[in-house]
Every structure is written in structure tokens, then in C-alpha cells.
1. What are the residues whose amide H is under 5 Å from the amide H of A:ILE78, where those residues sit 5 or more places off or on another chain and H is modelled from the backbone?
2. So which chymotrypsin sites (Phe, Trp or Tyr not before Pro) in the stretch B:32-132 pass both tests, a DSSP loop state and at most 12 other Cβ atoms within 10 Å of the Cβ?
3. Convert each backbone phi in the stretch B:115-120 into a coupling constant with the Karplus relation 6.51 cos²θ - 1.76 cosθ + 1.60 (shift: θ = phi - 60°), then list the ³J(HN,Hα) values in order as whole Hz, x for Gly and Pro.
4. Could you work out the relative contact order of the stretch A:49-165? I mean the mean sequence separation of Cα pairs under 8 Å and 6+ apart, divided by the number of residues, in percent.
5. Before I look further, what does the stretch A:73-182 give for accessible area per residue, probe 1.4 Å, in whole square angstrom?
6. Quick one: which residues, 5+ away or cross-chain, put their amide H under 5 Å from the amide H of A:ARG88? H built at 1.01 Å from N.
7. With θ set to phi - 60° and the Karplus curve 6.51 cos²θ - 1.76 cosθ + 1.60, what are the ³J(HN,Hα) couplings of the stretch A:104-109 in order, to the nearest whole Hz, using x for Gly and Pro?
8. Over the stretch B:32-174, with every protein chain in place, what whole percent of the accessible area is carbon and sulfur at 1.4 Å, could you tell me?
There are 2 protein chains.
Amino acid sequence: MSDAKPRAWKAGRFVAPPKLPPPTPIVDLSDAEMRAAQDLLFFGYRDFTDVADKVLEELGLGRAHHRALHFIGRNPGIKVSGLLKTLRISKQALARVLNALVDQGLVGQAAGFDDRRLRLLTLTDKGHALEQHLFDAQRDRIAAAYRAAGPQAVAGFRTVMRGLTDKGARAYMDGIGSAEDT
Amino acid sequence: MSDAKPRAWKAGRFVAPPKLPPPTPIVDLSDAEMRAAQDLLFFGYRDFTDVADKVLEELGLGRAHHRALHFIGRNPGIKVSGLLKTLRISKQALARVLNALVDQGLVGQAAGFDDRRLRLLTLTDKGHALEQHLFDAQRDRIAAAYRAAGPQAVAGFRTVMRGLTDKGARAYMDGIGSAEDT
DNA sequence: CAAATTAAGTCAACATTGCTGACCTATTTC
DNA sequence: GAAATAGGTCAGCAATGTTGACTTAATTTG
């Protein structure tokens, strides 16, 4: 790339080294900083989920229902096994939630075309409306935080959060729709 | 503050407006972006807590115990009421956890000096060791994410996470030690 | 084609962690 | 001395997670 050959050292006048922006400035990884991050994650997640929980409470649904609605809405036609991998809960725990959602007409099922053993999950209109309602509450909170922080901060936020996640989750987020291996 | 009086408009030569860095560049607040943030928070929090949960499992303790240990360690001498406000759980739910920790010699109590009704909570040596052990697991994960992301991203992460939290939690984080009103 | 595998569902029992209501005990404050 | 405050405790219930064992239907494989 560069034609510059190594130059021999030549004693002479003092020349101030070029003031480059620190190339990869050191990140503060002190315990204090790491514990502050723990706090941030705890409070951030708590307050982020709280706004949806308040809506759910009035409807007699729980956070688990919300999670299922969210991921079905985001991955229409997701298989039961896909949802299990995404949520990382047992088949029985999911069944309780999923049955409630189907009973209430929020989630619909369709047999797979090639493989009729599969139950492909989708939101019904009613389910979509509820999910949208829950989303609205959280969207407002995220939007306010994003707007106040500015685009650079948002990019940083995404980078760090992404770094906290497992490989599988990262792959999932890269290709929404293939909700396997999370 | 300023002596400038409103100046009348005076027609004249065209002068290019000063090229400022875009004042507050637009942040992407589309639904897609907001939903991606939901995903990030879900997976990030899940995987962040998972590493500590694995340690806790071996010890027969739960996430609730970890939270108590964390906030007592971070705020030595915290009052029971302070912990209640921070964790936002009921007195009875906290009692169950706290009694277990005291019984196992992980947390110590001391009556307040001025007001002897208060139970000031601290970690015992044993409790401190356990908390440190749990911290280590999460620290590694955060440190890796921070290191890979770089200081600018970390600053952005903190800004956004802070923006997601309630006023009370922000006040708490500003003045660690006064764990009230969270 | 019969056998094995896979996707999903179900029943039962249990643990953790949250909740409310009701009530008790010290201690401090008015 | 009465009222308020900080904390503790008992009892019961709800949401959400777990494991184990078993069933059914559909697909794949030898």
C-alpha cells in the first residue's frame, strides 16, 4: 500500500509526534465500570419491561405471553420448535402459554405444507392488534431513549448489546425469519 | 445575557450558510428499528443473566438471591426499605430471600446507630466471596463486549440504557450509596 | 412395507419468585 | 401516652419455570 521504506533514526530537533486520535483507545474495564454495567442492565431491562407489564396486567396475561406474541409476530409461520429454541424454555412451559393464546384466538396454527407434523404459528388479527398495543408502549420508551441519545449512541448501544448475546442469538438477529439456533 | 438587539434584515450579497455538523442528525425510529431493539434487550439480558444463573444453580440459589447480594454489596449498610425500593418487590418476597441469605451466613445485619429500628445490611466475608464469584462470570461477558465495541460504543450503550430507565433509577446510579427512590 | 425417528401435545408433580391480606413487635416521634 | 414508622411473619395464591413419562401423527429409513 505504502511506498515508505523504513527510515533510519536521525538525531535532530524535537518534533512533536502527530496528534492522532488514539487508535483504539483503551476501554475502561475496571470492576467499578463492570458493576455499573450490571446496574444499567438491571434497571434498563426492568423499566423497559415494566411498561408492557402494566398493559398485560389489565388483560390477565403475563410476560411469557408477551414474549410468545412478540416472536410469533416477528417470525410469522415459526415452528413450535423454533419458538422453543428462541425462548429457551421447556416444551411444557411453552404449551401452557401457547394454549392460552390459541384459546383466546390470538394465535393461529397451520400444518406445514411439506411436513404436516409442523404447526406453523401466526398471529390472528386479534393477536396482531394486541401485540401492536404492547409494542406501542415499549416503542415509546425506546424511541425516547434513542432520540435523546442520538444516532452515534444508538449504534454503540446496538454494538454492545449484540456483544453480550450468544452466537446463536446474533445469527438469529442477522437473519430475522430463521428463528433457529438462538 | 446577550446585548444583541434584533437586527433588521438587510438585503445583500449571497452568503453561504455556515456548514455546521448536522445539529441533531435524525435517529431511525422506525418500527423495524424499535423491534430490533426489543430483540436486543431480550437476548442481551437473557445471555447476560444466564452466565450467573449457571453458577447459582450449583449452589441452590436463584436469581433473586443474586440481585440481593449485588445490591447489598454495592450499597453496604443499605436499609431493608432501600433494598425494597431498589428491587421493587414486596416485603414478603424479599424476606424469603433475605432470610435464606442470613441463615447461610452470607448477609449480616446491624441495628442503625441513631435509629435502632433499622436493619443495615452488609455482606459477610462469605457473602462477599460469593458475590465476587458471581460477578466474575458476568464481568467477563461485559468486558468482552466492551472491549470489542470500543469506548465510543460503550458511551453510547450507557447513554441509551440510562435513557431507558426511570428517573429514580437514574438518580440512584448517579449517587451510588443512596439507594432510595429507585 | 415395517421400523425408527421426529414434531408436537399432554398429564403430573414440584420449585422459585412474585403477590395480597392480616397481624405482631420494637422503636421513635409528636 | 398515642401515633407513626421500620421491620418481621404467617397463610394462601398465581405465574412461570423444571423433569419425567407417555401418546399421537407423520416422516424417514433400512
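The values are calculated or read from the model by the stated rules, or taken from the named source; none is laboratory data. Quantities reported herein were computed from a predicted structural model and do not represent experimental measurements. Every residue, glycine as well, gets a Cβ built from its backbone with ideal geometry; the counts of neighbours run over all protein chains shown. Keep in mind that these areas ignore ligands, DNA and RNA; they rest on the heavy atoms of the full protein, side chains included. Shrake-Rupley method; radii C 1.70, N 1.55, O 1.52, S 1.80 Å.
1. Those qualifying (amide H under 5 Å, at least 5 residues apart or on another chain) are A:LEU121.
2. B:PHE113
3. Residue by residue, the stretch B:115-120 yields 10, 7, 6, 6, 10, 8 Hz.
4. After rounding, I find 27 percent.
5. The answer is 52 Å² per residue.
6. Here nothing satisfies the definition.
7. Using θ = phi - 60°, the values come out as 8, x, 9, 10, x, 10 Hz.
8. Within the stretch B:32-174, the accessible surface is 51 percent carbon and sulfur.
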